[in-house]
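Written out below as structure tokens is the structure these notes cover.
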Amino acid sequence: MGRRRLSFAGLLAGGCLILAGTASVHAQGVSRTTVRFAFVPLVVHTQFTNGLDFRAALDRGVVDRGVFFWQHGLIERRSLVLKPIRLLVGSEAERLGGRGQFQLGPVRPSQGSSAWVEVEIVHAAGKADDSLVLEIGGEKYEIRQVLAALLLAPPAGGLEELRLAPRALSPGAGVPVIEASLTTPLAGLGAVAEAFRGARGVEFLVARSPIPIAIDRDVTTNGPADRAAVPADAPDEWRDGDRVLVRISRATLEQGVPFVVMVWKDRTYKTGPDPGDHDPIFSPSHRHGG
């Protein structure tokens, strides 16, 4: 299926997710597994002092009204981030370590007091080492383009944060954040299938547009933001959203997939450094992913 880049104007009030990419699954021996994601802005994440508080709010703290800063343990539903989800299929999935027959089933958005988006995965009988690959994000939008934090929520409770590792800063440690424009097919980047990292049977890889930025140099209503010094020949690139690839093995689907939390922040457009700002981080040669 061809790649689509999505604008979320008009979706914020719609409460829906865009889904694309399915593969045929034979009726015989079909199983269904629900994978749960929560997409929240950084400003919500920073309101909680520990993983237990945050997990409780994700499980049962969402409300359909405004939340003031003194109302601890609550998340306003309209603050939840909307992200497209795509199942990779065919050769694109295979080059990223995917194999087997999977299909994207119904998606149930956040309901009641839960922040979890439920994604149903349909999978046919196959080999134990079969794996599916999902792509989350990758849209063009004005806010919440950058993945700020990645956490797993085990069934027993609590949260476990997985370190994000932009390669220019700390190669070889944590979940890699690689540089790749939205027009770059990740399946064609060579050994990218071996770059996935994760825990509890779920692996991740983050692809981010290679534009020079300064880390957390601005503050918006959605929390600290990257200020992107976008080159004149790429004025639209600052809107490129991160692509988060999620690889899940068949064994993990059958045993139980931990819930996944993705925290998103803004990348604020900036034409250049502030007057008198000689911070070398703005140098064109300093190109990392924030």
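Checking Asp277 against (1) surrounded by fewer than 19 Cβ atoms within 10 Å (Cβ to Cβ); (2) of a type in the set (D, E, K, R); (3) on the phi < 0 side of the Ramachandran plot; (4) at pLDDT 80 or above, only one condition comes out false. Which one?
(4)
Return the only residue of Ala193, Ala187, Ala229, Ala207 being more than 30 Å from Val35 (Cα to Cα) and either touching a His at 6+ places or on another chain (Cβ under 9 Å) or among the hydrophobic types (A, V, I, L, M, F, W, C) (or both).
Ala229
Could you go through the range 207-228 and let me know if any residue there is within 30 Å of Ala124 (Cα to Cα) and either touching a Ser or Thr at 6+ places or on another chain (Cβ under 8 Å) or modelled with pLDDT of 85 or more (or both).
The answer is yes, given that some residue of the range 207-228 is within 30 Å of Ala124 (Cα to Cα) and either touching a Ser or Thr at 6+ places or on another chain (Cβ under 8 Å) or modelled with pLDDT of 85 or more (or both).
What about Arg267, is it at pLDDT below 95, in contact with a strand residue (DSSP E or B) (Cβ under 6 Å, 6 or more places away or on another chain), surrounded by fewer than 22 Cβ atoms within 10 Å (Cβ to Cβ) and of a type in the set (D, E, K, R)?
no
What strands (runs of 3 or more DSSP E) lie completely within the range 158-227 and have 2 or more residues being acidic (Asp, Glu) and over 15 Å from the mean Cα position of the chain (by Cα)?
Passing ranges, in order: 213-220.
Based on this model, can you work out whether Phe204 counts as surrounded by 21 or more Cβ atoms within 10 Å (Cβ to Cβ), among the hydrophobic types (A, V, I, L, M, F, W, C) and within 18 Å of Leu151 (Cα to Cα)?
For Phe204, the condition - surrounded by 21 or more Cβ atoms within 10 Å (Cβ to Cβ), among the hydrophobic types (A, V, I, L, M, F, W, C) and within 18 Å of Leu151 (Cα to Cα) - is met.
Give the range 115-143 a look and list any residue that's closer than 30 Å to Ile75 by Cβ and of a type in the set (D, E, K, R), or say none.
Residues satisfying the conditions are Glu118, Glu120, Glu135, Glu139, Lys140, Glu142.
Looking at this structure, is Arg32 more than 23 Å from Val122 (Cα to Cα), modelled with pLDDT of 90 or more and exposed (fewer than 15 other Cβ atoms within 10 Å of the Cβ)?
No, not satisfied.
Test Arg55 against the stated conditions and say whether it is surrounded by fewer than 16 Cβ atoms within 10 Å (Cβ to Cβ), under 21 Å from the mean Cα position of the chain (by Cα), at negative phi and part of a helix (DSSP H, G or I).
For Arg55, the condition - surrounded by fewer than 16 Cβ atoms within 10 Å (Cβ to Cβ), under 21 Å from the mean Cα position of the chain (by Cα), at negative phi and part of a helix (DSSP H, G or I) - is not met.
In the range 231-248, what residues are modelled with pLDDT of 95 or more and either aromatic (Phe, Trp, Tyr) or farther than 12 Å from Gly138 by Cβ (or both)?
Val246, Arg247, Ile248
The values are calculated or read from the model by the stated rules, or taken from the named source; none is laboratory data. What you see is a predicted model; the values in this text were computed from it and never measured. Counting neighbours? That spans all protein chains shown, and the Cβs are built from the backbone with ideal geometry, glycine included.
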